[in-house]
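Remarks on the structure that follows.
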Amino acid sequence: MSKRLYIKTYGCQMNVYDSERISDTMKTLGYRAANEMADADLIVLNTCHIREKAAEKIYSELGRIRAIKADRSRAGKKTIVAVAGCVAQAEGAEIVRRAPVVDIVVGPQSFQNLTHLVFRAEQEGRHVIDTSFPADGKFEQLPKIRAPKSCTAFLTVQEGCDKFCTFCVVPYTRGVEYSRTPEELIVEARGLIENGVQELTLLGQNVNAYHGKAEDGSTWTLANLLDRLAQFPGLKRLRYTTSHPNDMTDDLIDAHRNNPKLMPYLHLPFQSGSDRILAAMNRKHTVEEYCAIIRRLRNARPDIALSTDVIVGFPGETDEEFNATMKLIEDIGFAQAYSFKYSSRPGTPAAAMENHVPEEVKAERLAKLQSLLSAQQSAFNAACVGSQVPVLFERPGREQGQLVGRSPYLQAVHVDDCLAHTNAIVDVVISGASRNSLTGVIKKTPALASCKE
Ligand code: 5AD
Ligand code: SF4
């Protein structure tokens, strides 16, 4: 009987990609997906360290896993527990000290070694820890074939970050910026497209800093890569995330005008609407520079929908500085956004700054900010009612007969229509909107005139 693997993924889309690759890697040892943790011979927590809450969740989950492992052991079954991802990288051996149930600790740059680590944990019966940053690329060591789960897939093109924003752990957990080669990415994309993928989201902590070295010695920008990928006839949609304002180069902005497969949506974090706070965050851009980029983007692609990340309560943030963040949101108008209370991360420069903002003030600011963002998101969605949008249907919805897809602006669109089917882009007339999603009906065409029994 084949062994079973259960992966629980926390945090960003890069972790979602990594989890998929971990499962590809373990497939080579015959591991198949378990439906439940209790059925798994190998449990992997792919973790996030970006905020304190995210990291603490792991320890409570490990408490539950301890009980599962004990139950399985009583039933004569062995369980290997691995902590992967950024908590593994940041805390290393500390994890097995706090949670001895853990057998393997493996960082985001070394999970390609998981097959060996599992073997060693089984043979040696003791904890194994690998948080190395190997010199030779991990991607080359991963299985070449991916089995996409739907018509939309992630493709990590860049990892790590050299920006060193003072609040952020990423440069320490994911390391310095690294871009995969264009050739390697084209091969991976081709494989996905041949297996039915129609939409690719290119991923990187700082994806628009992509600078891939090609075999002919040239350096490709993200815009070059997007242009090349757009040449695959089977590929219908392209997206990328997450970007830094300072890497929004002219050619990338032009791609939003000229590359018809690049969707009119951009996630561009601004973090704060105060120049003083931006400087303290080491963001290396001002509010006006951010606004100028947005103007250029809107000029290139007038219907572009914008998303962002915002932090409230950075050390020393005053009411006026918080109000400047509110004003920037009002001035720009976002279709979607992620907002966070500042969370002090050990080892980052901001953690050592003075004047940390009290928790209740952060909470109050976050509530205010989220109510503004939520109103903007609702208004953006409501404005779509009555319009017709092409929707790429990805999966069945929660209700019987319902399908869920995405609009070009990344809104979730639900339809309950016998004409809809997954893995196709179909025009939908939007009939309803809520803060988080749209509903609609398929536009009837001669080819799609009625339901087949
Ligand atoms: N506290 C709060 N939010 C943070 N982020 C990153 N580090 C922190 C932190 N220490 C947010 C930023 C970033 C997003 C991924 O997470 O907004 O863009
Ligand atoms: Fe973190 Fe800043 Fe790099 Fe984003 S750009 S990953 S916030 S250091």
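The values are calculated or read from the model by the stated rules, or taken from the named source; none is laboratory data. Because the structure is a prediction, the values reported are computed rather than measured. Virtual Cβ from ideal backbone geometry, glycine too; neighbours counted across all protein chains shown. When the accessible area is computed, the model is the full protein with side chains, heavy atoms only, and any ligands, DNA or RNA have been set aside. Shrake-Rupley method; radii C 1.70, N 1.55, O 1.52, S 1.80 Å.
If r is the Cβ-Cβ distance from Glu124 to Glu194 and R0 is 41 Å, what FRET efficiency results, to the nearest 0.05?
For Glu124 and Glu194, the calculated efficiency is 0.50.
Name the shape class, rounded, prolate or oblate, that the alpha-carbon gyration tensor gives for the stretch 87-201, where a ≥ b ≥ c are the square roots of its eigenvalues, rounded holds for a/c under 1.5, and otherwise prolate holds if a/b is larger than b/c and oblate otherwise.
The shape class here is oblate.
Given the C-alpha centroids of the stretch 204-268 and the stretch 74-113, what is the distance between them in whole angstrom?
That distance is 35 Å.
Which of rounded, prolate, oblate describes the stretch 15-171, given a ≥ b ≥ c as roots of the alpha-carbon gyration tensor eigenvalues and a/c under 1.5 marking rounded, otherwise prolate only if a/b is larger than b/c?
oblate
Placing +1 at every Lys and Arg Cβ and -1 at every Asp and Glu Cβ, with all other atoms neutral, what dipole size does the chain have around its Cα centre, in debye to the nearest 20?
It works out to roughly 1240 debye.
Quick one: which residues, 5+ away or cross-chain, put their amide H under 5 Å from the amide H of Tyr338? H built at 1.01 Å from N.
Thr308, Asp309, Val310
Subtract the Cα-Cα distance of Asp162 and Glu359 from 0.36 nm times their separation in residues, and report this length gain in nm to one decimal.
Taking Asp162 through Glu359 to full extension adds about 68.0 nm, to one decimal.
Given R₀ = 45 Å, what would the calculated FRET efficiency be for Ala367 paired with Ile186, taking r from the Cβ atoms and rounding to 0.05?
0.45
So between Phe133 and Arg228, what do we pick up on full extension, going 0.36 nm a residue minus the alpha carbon distance?
Additional length available on full extension: 31.2 nm.
Any aspartates and glutamates with Cα under 16 Å of the Lys57 Cα? List them, leaving off those in the same chain fewer than 8 positions away.
Glu91, Glu94
If you wrap a convex hull around the C-alpha atoms of the chain and split its volume per residue, what is the figure in Å³?
Value for the chain: 165 Å³ per residue.
Kindly flag which residue pairs out of Lys53/Lys163; Lys8/Lys362; Lys8/Lys261; Lys144/Lys236; Lys236/Lys341 have an alpha-carbon separation exceeding 27 Å in this structure.
Table pairs above 27 Å Cα-Cα are Lys8/Lys362; Lys8/Lys261; Lys236/Lys341.
Would you kindly calculate the translational diffusion coefficient of the stretch 138-382, applying Stokes-Einstein with the Kirkwood radius from alpha carbon pairs, for 20 °C and a viscosity of 1.002 mPa s, and quote it in µm² s⁻¹ without decimals?
112
Counting Lys +1, Arg +1, Asp -1, Glu -1, what net charge surrounds Ser274 among other residues with beta carbon under 14 Å of its beta carbon?
My count for the surroundings of Ser274 gives -4.
Please compute the length gained on full extension between Arg97 and Val176, using 0.36 nm multiplied by the number of residues separating them and subtracting their Cα-Cα distance.
Stretched out fully, the Arg97 to Val176 stretch lengthens by 25.6 nm.
Taking the stretch 317-355, which GluC sites (Glu not before Pro) meet the DSSP loop condition and have no more than 14 other C-beta atoms within 10 Å?
Answer in residue order: Glu354.
Using a 7 Å offset from Cα along Cα-Cβ at Ser387, what residues in the stretch 301-343 end up with backbone N under 18 Å from the label point?
301-308, 332-337
Output ³J(HN,Hα) for the stretch 65-79: one whole-Hz value per residue in order, computed from phi by the Karplus curve 6.51 cos²θ - 1.76 cosθ + 1.60 with θ = phi - 60°, and x for Gly and Pro.
The phi angles translate into 5, 4, 5, 4, 4, 5, 4, 5, 5, 4, 8, x, 10, 8, 10 Hz.
Just to be sure I understand the model, the point goes 7 Å from the Cα along the line to the Cβ. What's the resulting Ala424 to Ala70 distance in nm?
Placing both labels 7 Å along Cα→Cβ, they lie 5.3 nm apart.
Run the simple label-point estimate for Arg435 and Ala33 please: 7 Å along Cα→C-beta, distance reported in nm.
Distance between label points: 3.0 nm.
At 1.4 Å probe radius, can you tell me the per residue accessible area of the chain in Å²?
Heavy-atom SASA per residue in the chain reads 44 Å².
Only bridges with both residues in the chain count here: give the DSSP antiparallel percent, nearest 5.
Bridges in the chain that DSSP calls antiparallel: roughly 35 percent.
So, in nm, how far is label His211 from label Tyr338 when the simple model puts each one 7 Å beyond its Cα toward the Cβ?
Calculated label separation equals 2.5 nm.
If each DSSP helix of 4+ residues adds -39,500 (n - 2.57) and the sum is divided by the residues in the chain, what number results at 222 nm, nearest 500 deg cm²/dmol?
After summing the helix terms and dividing by the residues of the chain, the value is -10500 deg cm²/dmol.
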